[in-house]
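The structure under discussion appears below in the form of structure tokens.
The values are calculated or read from the model by the stated rules, or taken from the named source; none is laboratory data. All values derive from a computational prediction rather than experimental measurement. Glycine gets a Cβ as well: all are built from the backbone with ideal geometry, and neighbour counts include every protein chain shown.
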Amino acid sequence: MRPLKLRTKIILFTTLLVITVIAGSFLVINQVVKNQVRSRLVQDLQRSQRALEQSQKDRLRDMAAYSIIASENSTLKAAIETYQTERKGASPVLEQLRRTVQNEATKLFLILKSDLLVVTSNSGEALALEGVPSPSVAAELNFSLQPSIMNCLRPDPRVFEEAAGIWHFQHKTYRVVSVPVLLQDIVIGTLSSGYEISSSLVQTIKSNTSSDVVFVAGPQIIASTLTDSQNAALLSHLKADDAEIVLGGETFLALRIPTDGDWGSGFIILNSIDRAMQGIMEGIKVTLVVIALFSVLLATLMGLALSQSITRSLMNFVNFMDEITRTGKLQKRFSPHSPNYEVDVLAHSFESMARSLAESQAETAIYHDELRLKEFNEERLRRLATRSRLDALISQINPHFLFNALNTVGVLIDENPPEAHRLTVKLANIFRQTLQVSEREVVSFQEELLFIRDYLEIEKTRFGERLQVEEQIDVQDAQIPCFTLQPLIENAIKHGAAPKIGATTICIAVQQVNRHLSIQVSDDGIGMTPESLQGMLERGYGLRNLVDRLNIHYATDFTWTVESEFHKGTTVSLHLPSQPPSG
């Protein structure tokens with residue numbers, strides 16, 4: 001699988017970022033709108049509750065008022081009173097009296113405009129029924145246990161509309177209010193009128209409150225504005241007191257309004273959250289889709305422009321370095337096509353190092369010319385030769401490390417652009433540090449350690465998890481020749497970690513005892529055979545370079561050893577003074 005180019009990665013990243021932001025915004029908006037809708041629906045439920053309760057109170061109050069007026073009908077009173085008197089003696093005129101009550105009840109029924117009218121004696125015996133299909137059954141009926149009639153027969157009755165009850169009669173459900181029929185303050189019977197609770201009633205309530213209405217009596221639904229499937233689902237929620245219920249896949253806010261009576265009946269007012277959300281979210285969804293499309297297009301264009309601004313400058317710098325590598329012209333100057341801070345810093349550091357290398361080469365040539373042409377005295381000639389040899393060795397290290405590091409950054413440009421960017425700045429810092437320390441023969445141990453850590457940052461990027469580093473440092477104040485640790489670390493990576501399959505751990509152990517340093521760089525890499533160990537100075541460049549420089553600095557006042565075992569690893573040890581000689 002080919003790695004994605006930096007341009008493609010930036011475009012994909014910006015596009016995914018925009019899509020994530022839009023999706024997150026939609027979820028947040030959806031939740032906020034849902035909370036607002038729920039709050040508004042709660043207010044609507046409360047308004048619907050007040051409207052329903054007020055309409056029920058007004059209707060019952062009007063019905064009670066009309067019933068009280070109707071109960072003052074003198075003919076009706078006389079017929080009821082005479083019927084009860086003659087009933088004690090089993091008079092043959094009882095049926096005539098019952099028909100009189102029924103005739104008067106028919107007249108009152110038309111005036112009251114109710115769905116049900118019942119006239120009873122003071123014992124609850126039904127004397128007349130209006131609004132039901134079979135009035136002939138009145139003789140067998142007794143309503144003495146109906147709550148509203150019982151209230152009228154009490155010596156201290158409650159307000160009639162408050163004592164209204166729910167009646168199940170003739171397979172229908174009625175809301176009934178009863179008033180006493182009085183004769184000289186003696187209750188001789190009751191007049192009960194009511195209205196049927198039916199689908200037309202709840203539809204009327206819904207049109208006035210804009211809420212779905214369900215009337216429940218006992219374990220069944222009497223009337224509802226919901227669908228059959230929703231009614232069936234609602235039955236499972238009757239015993240629960242949930243404020244939010246799901247019916248047929250639709251979510252409702254529910255409010256229960258109980259009614260008086262022994263039937264466990266009452267109205268349930270419901271407002272649909274989903275319907276309210278649908279009306280609001282349709283416009284928001286269209287707006288978010290348009291914004292998302294525009295944002296993706298804008299992100300793609302911005303990602304394309306950003307990737308070009310980075311990759312163009314980096315590739316221009318890579319081409320500049322390739323040309324120097326091929327031609328060896330260290331005085332060549334970098335010409336950027338467009339300003340780029342990171343690349344400009346790296347180029348400036350590279351140019352400074354190239355100038356340093358050129359100057360070092362020129363100084364070396366001058367030193368050698370002076371040695372061949374001038375023979376002033378032996379001590380001056382020795383010192384000039386020593387200085388010339390030291391500068392030559394240091395000048396070999398800089399380009400060697402430079403080209404290895406640039407190869408690493410070049411590989412990362414397409415594979416991991418953010419890491420390439422970070423290491424580019426890191427490499428610029430290393431070049432600057434290399435330029436500074438190359439002007440001196442010795443540096444502090446801490447400067448050398450910082451240089452090595454920066455160097456290992458780049459090498460760890462190349463090898464990933466295959467390269468692990470451990471440090472055991474116990475140094476207070478010491479100075480060593482510059483680039484003392486670098487060739488040891490480079491050899492451990494090149495000859496130990498690179499050819500090994502799997503992870504390699506490099507351990508850097510430095511200990512200061514009195515006025516000497518003990519430096520040990522070990523790895524558990526591929527190791528060397530005895531034959532390779534014997535000829536390592538002839539084949540290798542880094543270790544031979546280091547030994548030559550240490551000979552110049554310390555003469556015989558230092559020792560070095562190499563221990564290696566094939567397939568087990570290599571350990572290089574140095575023992576040298578913690579401070580350079582004053583000469």
* Asked: If a residue has to be surrounded by fewer than 16 Cβ atoms within 10 Å (Cβ to Cβ), modelled with pLDDT of 80 or more and under 35 Å from the mean Cα position of the chain (by Cα) to count, how many in segment 224-250 make the cut?
  -> 6
* To do: Return yes when T434 is over 19 Å from P481 (Cα atoms) and crowded, with 17+ Cβ neighbours inside 10 Å and no when it is not.
  => no
* Structure fact -> Per the filter on segment 56-77, residues in contact with a helix residue (DSSP H, G or I) (Cβ under 6 Å, 6 or more places away or on another chain) and among the aliphatic types (A, V, I, L, M) are A70, L76
* Structure fact -> Matching residues in segment 512-565 (of a type in the set (A, V, I, L, M, F, W, C) and part of a helix (DSSP H, G or I)) number 8
* Yes or no: T100 at pLDDT 85 or above, more than 28 Å from D58 (Cα to Cα), hydroxyl-bearing (S, T, Y) and not in a loop (DSSP other than H, G, I, E, B)? -> yes
